[in-house]
Every structure is written in C-alpha cells, then in structure tokens.
Amino acid sequence: GNAKTLRNNNSSRFGKFTKIDFNDNGKIVGATIETYLLEKSRLLYQAVGERNYHIFYQMIRGLPKSEKEALKLDEPENYHYLNQGRNTVIEGVSDGESFRRKRRS
C-alpha cells in the first residue's frame, strides 16, 4: 500500500528484493523475489503532515452512506490511527472517487 509522506503524496510502504541465481557458465538458473515492509514504524505513527495507507481514507470517503452506517464507520478525522498527522486530505485528489474506481475494476 501507499501513503502520503512529507516528501511524496504516494509513497510505497513496500520494497522488493530480487535474487538472481547463475550457474558456473553465467546463465540464469533461477530467481526469487522477496517483498518486505519498509519503515514498519509508519504503520503505527505518522508525523504531522503525513497520512496512513490511502485505502483507509478512500474507503471511508467512497462508500455509500448506508454501507458506512452498517460498518459503523466515521470520518477519518475521528480516528487517531488516521488523524495523527492531522492531514486526512491530499490536495487535488478525490479519495472517494479513487475508491469507487477501485471497486468498479
């Protein structure tokens, strides 16, 4: 998942390590890819000006009112986990529309 940081509005929270195996003749004989979480501390804490994973804001702002009520969801500003950075909006981005596009795909 991605999140807003002070430097980047769409910063990835994951990384990949690719290991390529070669034989004695220099030919590729295999490969492995490991996905890992970057900066685990960002899961629990966001600095002022940052946001948590986009999907949380997108879902809250993109679900129909009836679904939000059924799931007992409130606005992001009312959740400590989503409002630590005191920045629940990315200027020029519609979280609701982003969620609706994901849902249609």
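Rule-based calculations on the coordinates, nothing more; no lab input. Just so it is clear, the structure is predicted and the values come from calculations on it, not from any experiment. Cβ: placed from backbone, ideal geometry, glycine included. Neighbour counts: every protein chain shown.
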Two pseudo-spin positions, 7 Å from Cα along C-beta at Phe22 and at Ala47, lie apart in nanometres by 3.9 nm
Note, segment 89-105: 3J(HN,Hα) by Karplus (6.51, -1.76, 1.60, θ = phi - 60°), whole Hz, Gly/Pro = x, goes 10, 10, 4, x, 10, 9, 4, x, 5, 4, 5, 5, 5, 4, 5, 6, 6
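With +1 on each Lys and Arg Cβ and -1 on each Asp and Glu Cβ, how big is the dipole of segment 57-104 about its Cα centre, in debye rounded to the nearest 20?
300 debye
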Between the modelled labels at Asp74 and Glu91 (7 Å from Cα along Cα→Cβ) the distance in nm is 2.9 nm
